[in-house]
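S.K.: Take this structure first; my questions come after.
Every number here is computed from the coordinates shown, using simple stated rules; none is lab data. Only a predicted model underlies this, so the values are computations on that prediction, with no experimental measurement involved. No Cβ is skipped: glycine too gets one built from the backbone with ideal geometry, and neighbour counts run over all protein chains shown.
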Amino acid sequence: MSTPAVELVALTKSFGDVTAVDGVDLTIRDGEFFSMLGPSGSGKTTVLRMIAGFEQPTSGTVRLAGQDVTGRPPFARDVNTVFQDYALFPHMDVLANVEYGLRVKKVPRAERRERAMAALESVQLAGYAGRRPTQLSGGQRQRVALARALVNRPRVLLLDEPLGALDLKLRRAMQLELKDIQRDVGITFVFVTHDQEEALTMSDRIAVFRDGRIEQVAAPADLYESPASPFVAGFVGTSNLLEGEAARSLVGRAGTFSIRPEKIHLGDEVHDGDATAPGVVHDVVYLGSVNHYLVRLDAGPTLTVLRQNLRGTTDEAMALRGQRVTVGWAPEHVIELGADQQLQKEES
Ligand code: ADP
Ligand code: MG
């Protein structure tokens, strides 16, 4: 196996009383699209800033391509960062913005030009070299910011919520584009987001952060299908937790379990062999292509059931509100969760 692009060993950062990052161990592979996902305040940005060298760890080690860079300043690390508030120079055209870093590094003019044009091509903006930032859309500006980082040909590109300022439709388009660009240029991307859908869409692997620690590292499908803890199950998708007495009566044994909303059948869609439970439709949430049915089970918990709007009318769907129903699920779709790591620590 090749040398990992990034290795973090027992990385910790405290700001006074606040432990922002608490003993993070992480290995990011060369060429990987790696995402750090977690709620606001969970330590993602602080980890990224320590990889970049903008922040010194309180303890622990940062290795890039096998080398310990922990004490090195940002410019002595082979990484570049793209932030959410990508400040382009307004008085320079797109080409000059992209060339800027190379000019600072005294790269000769012809090579500068060539590399900047190649970077603009990789983000599909070759035709925009002469424009000013104000003459670009939000998505185009974001791509210029990306080209400005790519032009330095870093081994690792760090991206801190770079799509956060874009509206939903553009963000979705840019997610796919970013993934394509990353595949083309072959650079390791470390991408920070609090948006689980974004992380699932783009990543080879995802680390889920909580309170400065990593709860789980896994590929998107594994994270969704085999979440390690109730926190991960709830943060990545809708979890539908069954625990305590409800778990014992519905699953048949003690533990904490989760069933994804699309795995639960409703009413006449319940299959032979499904485990079943009676309840009342507490609410119906219309979402266009799908509906969410919130079913309050007699056994206690309320489950979200997702059903595609393949047939039937919206009125028919809404009429289920308040009705008694049976829900069912194939026993193999019950995910058994470990206890939350935090709870384990507190209890031990
Ligand atoms: P995220 O990027 O996941 O939202 P951050 O890494 O920005 O999280 O922050 C993690 C924790 O560290 C938060 O509680 C935040 O308030 C705190 N923190 C981050 N930077 C500083 C700082 N420079 N001074 C004091 N506290 C900070
Ligand atoms: Mg942040």
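S.K.: Quick one: angle between helix 109-122 and the longest Cα principal axis of the chain, in degrees between 0 and 90, rounded to 10, please.
M.R.: Relative to the chain, helix 109-122 is tipped by roughly 10 degrees.
S.K.: Continuing with the same structure: R183 to T58: extension gain in nm, 0.36 nm per residue of separation minus the Cα-Cα distance? Display every interim value, and only then the final one.
M.R.: Values: separation 125, 0.36 × 125 = 45.00 nm, distance 3.44 nm.
Working it through step by step, the gained length comes to 41.6 nm.
S.K.: At 10 °C and 1.306 mPa s, grab the translational diffusion coefficient of the stretch 36-127 from Stokes-Einstein with a Kirkwood Rh over Cα pairs, rounded to a whole number in µm² per second. Don't jump to the answer; show the numbers that get you there.
M.R.: Working: Rh = 15.7 Å.
My calculation gives 101 µm²/s for D.
S.K.: In percent, what relative contact order does the stretch 238-337 have, based on Cα pairs under 8 Å that are 6 or more apart in sequence?
M.R.: Working: 206 pairs, mean separation 35.0, N = 100.
The value is 35 percent.
S.K.: Please name which of Q196, Q182, V107 has its Cα lying farthest along the dipole of the chain towards the positive end, using unit charges on Cβ (Lys, Arg +1; Asp, Glu -1) and the Cα centre as origin.
M.R.: So the residue furthest toward the plus end is V107.
S.K.: Something else: Give the Rg/Rh ratio for the stretch 59-190, taking Rg as the radius of gyration of the Cα atoms and Rh as the Kirkwood radius, to two decimals. Display every interim value, and only then the final one.
M.R.: On the way: Rg = 15.0 Å, Rh = 15.4 Å.
Value, to two decimals: 0.97.
S.K.: Would you mind counting up the charge near R205? Only other residues with Cβ under 11 Å from its Cβ, with Lys and Arg at +1 and Asp and Glu at -1. Don't skip to the end; give the middle numbers.
M.R.: Numbers: positive: R29; negative: E32, D204, D222.
Residues near R205 contribute -2 overall.
S.K.: If you don't mind, there's one more thing I want to ask. According to a simple spin-label model (label point 7 Å from Cα along Cα-to-Cβ), what is the distance in nm between R109 and D30?
M.R.: Spacing of the two 7 Å Cα→Cβ label points: 3.7 nm.
S.K.: Here's something else I'd like to know. Toward the positive end of the charge dipole of the stretch 210-348, about the Cα centre and with charges on Cβ (Lys, Arg +1; Asp, Glu -1), which of S239, P227, N309 goes farthest?
M.R.: It is N309.
S.K.: Also, quick follow-up: Let's see if you can work this out: charge +1 on each Lys and Arg Cβ, -1 on each Asp and Glu Cβ, no other charges. What is the dipole magnitude of the stretch 6-228 about its Cα centre, in debye to the nearest 20? Please report the intermediate quantities before stating the final value.
M.R.: Values: 29 positive and 29 negative charges, 230 e Å.
Value, rounded to 20: 1100 debye.
S.K.: I'd like the FRET efficiency for L170 and A254, computed as 1/(1 + (r/R0)^6) with the beta carbon distance as r and R0 of 51 Å, rounded to 0.05. Display every interim value, and only then the final one.
M.R.: Working: r = 47 Å, r/R0 = 0.92.
E between L170 and A254, to the nearest 0.05, is 0.60.
S.K.: Check the straight Cα-Cα distances from K263 and name the lysines below 18 Å, setting aside those fewer than 8 residues away within the same chain.
M.R.: Within the straight-line cut-off, K263 pairs with nothing.
S.K.: E245 versus T313, label points 7 Å from Cα toward the beta carbon: distance in nm?
M.R.: 4.2 nm
S.K.: Still on this structure, I have one more. Let me have the relative contact order for the chain, percent, based on Cα pairs under 8 Å that are six or more residues apart. Write down the numbers at each step before the final one.
M.R.: Numbers: 700 pairs, mean separation 55.4, N = 348.
Averaging sequence separation for qualifying contacts and normalising by length gives 16 percent for the chain.
S.K.: Students often forget the sequence filter, so: which aspartates and glutamates lie under 20 Å Cα-Cα from K13 once same-chain residues fewer than 8 apart are removed?
M.R.: D22, D25, E55, D68, D160, D211, E215
S.K.: Sticking with this one: Which semi-axes, in whole Å and largest first, does the equivalent ellipsoid of the stretch 179-263 have when worked out from the alpha carbon gyration tensor as the square roots of 5 times its eigenvalues? Spell out each step's value before the answer.
M.R.: Values: eigenvalues 191, 33, 17 Å².
After scaling each eigenvalue by five and taking roots: 31, 13, 9 Å.
S.K.: In what sequence, highest mean first, do 243-253, 137-147 appear when ranked by Cβ atoms within 10 angstrom? Kindly include the intermediate steps, with their values, before the conclusion.
M.R.: Details: 243-253: 15.0, 137-147: 21.4.
Ranked from most to least packed, the peptides come out as 137-147, 243-253.
S.K.: Note down the nm distance, to one decimal, between modelled labels 7 Å out along Cα→Cβ at T19 and at A87.
M.R.: Result for the modelled spin labels: 3.4 nm.
S.K.: Let me ask something else. Using packing as a proxy for protection, rank 202-211, 161-170 so that the peptide with the highest average count of other Cβ atoms within 10 Å comes first. Before the final figure, lay out the partial values.
M.R.: Numbers: 202-211: 22.1, 161-170: 16.2.
Answer by packing, highest mean first, reads 202-211, 161-170.
S.K.: Determine the dipole magnitude for the stretch 1-134: charges of +1 sit on the beta-carbon of Lys and Arg, -1 on that of Asp and Glu, nothing else is charged, the reference point is the Cα centre, and the result goes in debye to the nearest 20. Working shown, then result.
M.R.: Values: 16 positive and 15 negative charges, 127 e Å.
My answer is approximately 600 debye.
S.K.: So how strong a dipole does the stretch 96-140 carry about its Cα centre when Lys and Arg Cβ are +1 and Asp and Glu Cβ are -1, to the nearest 20 debye? Walk me through the numbers on the way to the answer.
M.R.: Details: 9 positive and 4 negative charges, 52 e Å.
Dipole magnitude for the stretch 96-140 comes out near 240 debye.
S.K.: Above 33 angstrom, tally the Cα pairs of the chain and express them as a % of all pairs, no decimals.
M.R.: Details: 24834 of 60378 pairs.
Across the chain, Cα pairs with separations above 33 Å total 41 percent.
S.K.: Given only helices, namely DSSP H runs of n ≥ 4 each adding -39500 (n - 2.57), what is the per-residue ellipticity at 222 nm of the chain, to the nearest 500 deg cm²/dmol? Kindly include the intermediate steps, with their values, before the conclusion.
M.R.: On the way: 11 runs with 104 residues, N = 348.
Result for the chain, helices only: -8500 deg cm²/dmol.
S.K.: Follow-up question, since we're still on this one. From the alpha carbon gyration tensor of the stretch 238-337, can you work out the equivalent ellipsoid semi-axes (sqrt of 5 times each eigenvalue) and give them in Å, largest to smallest? Each step should come with its number before you reach the end.
M.R.: On the way: eigenvalues 106, 34, 29 Å².
Ellipsoid half-lengths, sorted descending, are 23, 13, 12 Å.
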